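Here's the structure, in structure tokens; my notes come after.
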Amino acid sequence: MPVGGLVPRAVEAAADIVVRNARIHTGDARRPQAGALAVRDGLITVVGEDADVAAVVGPSTVVVDALGRRVVPGLNDAHLHVIRGGLNYVLELRWDGVPSLRLALAMLREQAARTPAGQWVRVVGGWSAEQFAEKRLPTPAELNEAAPDTPVFVLHLYQSAILNRAALRAVGYTRDTPDPRGGQIVRGRGGEPNGVLLAAPSALVLYSTLAKAPALEGEDRRTSTRHFLRELNRFGLTSAIDAAGGFQNFPENYGTVTELARDGLLSLRIAYHLFPQTPGQELDDLARWVATVRPGEGDAWLRLNGAGENLTWAAADFENFAEPRPELGSYEAEFEKAVRLLMEHGWGFRLHATYDETIRRDLAVFERLAAEGLFPAGNRWLFDHAETVSPDSLDRIAALGGSLSVQNRLSFQGGAFARRYGADAAAGAPPLRAMLERGLTVAAGTDATRVSSYNPWVALHWLVSGRTVGGQPTRPPRNRVDRATALALYTRAGAELTGEQDVKGVLREGCYADLAVLSADYFTVPEPDIPHIESVLTVVGGRIVHAAAEYEGMAEELPPVSPAWSPVARFGGYQAHHPGTGGAGARQAELLGQVVAESELQRRWRADRGDLTEHAQPFDPCFLL
């Protein structure tokens, strides 16, 4: 339709979509800013100003007036458990973004009433006690009160889980259940489990307990995954690198995204990794995979990117900062065989490595292989997380042709890290500036969904501000990055990790038409408001996959959420409870309101116990007015 003087006319190569009246951050050094762009057949064909796109507006062109909003390249989460997240999304009650424990428990109570017999209420990651006004976790007693009959499982980071009595019965934990290796079932004085599980330090006890809950089947898996991808599109995500992970088996758990890709129904580009699941069988599984396919094969929507984030289970450290750093046993022999196999067959890989102690041991293996010419050899490989990587290790990574992928785990676990290792260590965790100064490719992501939230703007805020979700500053200015650099870590750098830097991560002629029109200008909003940004229009490959505000109704239609009792059907995903752009005063008042509500709950509790002291009449005349 005619918009601002752009009149449709019969043209030979009319655009499918034109975005005009925009403030476009292209990410392209050759043309950093623009006011309009055009899309045809999934690719960007014109980047310029309104006058430049006028010639390609045909009768069927969708003309989007951005109303002066900021447009950015589509975001790319370089470490997201998107496949596993999609298979479980509609079953999970998300506390991501919820500002108080009081509200979180109210959501849980309501969901328990909606959940049919035999099903669980599960809160699985994306939140931290630091985000709540009360600054604490729920207690088992509170879960029992909110859901006396429905099993409830609440996961808190990689540290602990809280279960109600019904969940303990459902999983069969009793006084006679032994503690699993690396975990603890906390018990009361009588020896009965009290509902708290601790990772000590391994999270296996948490995940193996969660695995006992009912799973989705058939069409519900497809619907769940499609709604999760749409939820990611809501925040401007157009690509993700799936980091695999425990309890994610190939090929069965990859079947849903494969089917959706085959049917043209993915709304997010996915590059995935393969993670050997069975201890003692890792080399055999890797050998089967390298003989079958090669990384990079696939298409623009679904492609294999390599192995990892574990190659052998024995080489993996843990990221539970509430516990001491684990001491790993000898693992180098099998690990070297795995790396050799991958490098000889042209496979890249990624490695979960939280601590420099692990990274140094891995690098020693790579340097032995480098003497044979296997490093650097053009295969893409990287370390994930690397919170305590040292300057010396960074130099060795650069010499061996490696990259890094960092996640905002410390925006959720920063307080625990600082309490264990001190403020000085927290100031350099991870050492972002040192990584970038060496010219290393550094991509950013979340590690969602079981620890961090999948909201990329929470991660971008952490990169820029160095603050936790509770507002605690942990990284000083010398180890932060500016907004443009942070956005590049979330766009171009992720494309480099998948070898797609020539077609993805920037808005340039010939590149994928992946972009987001933002609800607020990322480059100018007050820093505390960065986590509250969303996309009002997300385009992936020229398809409008998310539309809100003035563009409501333009996105592709999704099937209804199923099952109908799903927490997502009632509450949605990320909870955008915030005062918008009302400023620091409004944010402060909102937090005080939550604290006052908690105070009133305490007063009622004391009154019920008969523990409330009545005060004498005030003696100050001011109180009598």
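The values are calculated or read from the model by the stated rules, or taken from the named source; none is laboratory data. Small disclaimer: the values here were computed from a predicted structure and weren't measured. Note that we place each Cβ from the backbone using ideal geometry, even for glycine, and neighbour counts take in every protein chain shown. Just the protein is used for accessible areas: all its heavy atoms, side chains included, with ligands, DNA and RNA removed. Shrake-Rupley method; radii C 1.70, N 1.55, O 1.52, S 1.80 Å.
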Exercise. So what's segment 378-445 giving for Rg/Rh, alpha carbon basis, Kirkwood Rh from the mean inverse pair distance?
Worked result: 0.99
Problem set entry | Contour minus Cα-Cα distance for Phe523 and Glu327 (0.36 nm per residue) | 66.3 nm
Problem set entry | Equivalent ellipsoid semi-axes - Cα gyration tensor, segment 122-260, angstrom | 30, 18, 15
For this session: Using only Cα positions of segment 375-518, each an equal point scatterer, no hydration layer, compute I(q)/I(0) via Debye at q = 0.18 Å⁻¹ and quote the log10 values to two decimals.
Result: -1.07
For this session: Could you work out the mean projected area of the convex hull around the alpha carbons of the chain, in square nanometres to one decimal?
Result: 32.8 nm²
For this session: Treating only the Cβ atoms of Lys and Arg (+1) and Asp and Glu (-1) as charged, compute the dipole magnitude of segment 452-501 about its Cα centre; round to the nearest 20 debye.
Result: 300 debye
Seminar exercise, completed: Taking N as the residue count of segment 497-565, its alpha carbon Rg divided by 2.2 N^0.38 Å gives 1.39
Problem set entry | Å² per residue, accessible surface of segment 221-323 at 1.4 Å | 33 Å²
For this session: Taking only the C-alpha atoms, wrap a convex hull around segment 195-307 and report its volume per residue in Å³ as a whole number.
Result: 143 Å³
Seminar exercise, completed: Under Stokes-Einstein, segment 419-493 at 37 °C and 0.692 mPa s, with its Kirkwood radius over C-alpha pairs, diffuses with a coefficient in µm²/s of 255 µm²/s
Seminar exercise, completed: Distance in Å, no decimals, from the C-alpha centre of segment 455-483 to the one of segment 208-265 is 29 Å
Exercise. Sorted by average packing, counted as other Cβ atoms within 10 angstrom per residue and highest first, what order do 375-382, 236-243, 91-98, 176-183 take?
Worked result: 236-243, 91-98, 375-382, 176-183
Problem set entry | Largest-first ellipsoid semi-axes for segment 224-268, taking √(5λ) over the Cα gyration tensor eigenvalues, angstrom | 19, 14, 9
For this session: With +1 on each Lys and Arg Cβ and -1 on each Asp and Glu Cβ, and nothing else charged, work out how big the dipole of segment 332-483 is about its Cα centre, in Debye to the nearest 20.
Result: 620 debye
Problem set entry | Of Ala426, Gly471, Ala34, farthest towards positive along the dipole that unit charges on Lys, Arg, Asp, Glu beta carbons give the chain | Gly471
For this session: With 10 Å bins from zero, work out the P(r) of segment 158-234 over every alpha carbon pair and list the percent per bin.
Result: 17, 39, 23, 17, 4
Exercise. Two-decimal Rg/Rh of segment 313-357 from alpha-carbon positions, Kirkwood Rh?
Worked result: 1.04
Exercise. Using 1/(1 + (r/R0)^6) with R0 = 41 angstrom and r between the beta carbons of Leu204 and Ala51, what's the FRET efficiency to the nearest 0.05?
Worked result: 0.10
Exercise. About its Cα centre, how strong a charge dipole does segment 87-129 have in debye, to the nearest 20, once Lys and Arg get +1 and Asp and Glu get -1 at the Cβ?
Worked result: 100 debye
Exercise. According to a simple spin-label model (label point 7 Å from Cα along Cα-to-Cβ), what is the distance in nm between Glu259 and Glu437?
Worked result: 5.2 nm
Seminar exercise, completed: One finds, for Tyr421 and Phe247 with R0 = 25 angstrom and r their Cβ-Cβ distance, a FRET efficiency to the nearest 0.05 of 0.30
Exercise. Within segment 21-50, what residues put their amide N at less than 16 Å from the label point 7 Å along the Cα-to-Cβ vector of Glu556?
Worked result: 41-43
Exercise. Which of the aspartates and glutamates could a cross-linker bridge to Lys337, judged by Cα under 20 Å and excluding same-chain residues fewer than eight apart?
Worked result: Glu282, Asp284, Asp285, Glu309, Asp317, Asp362, Glu367, Glu372
For this session: Treat segment 1-133 as a sphere of radius equal to its Kirkwood radius over Cα pairs and apply Stokes-Einstein at 20 °C in a medium of 1.002 mPa s; give the translational diffusion coefficient in µm²/s, rounded to a whole number.
Result: 114 µm²/s
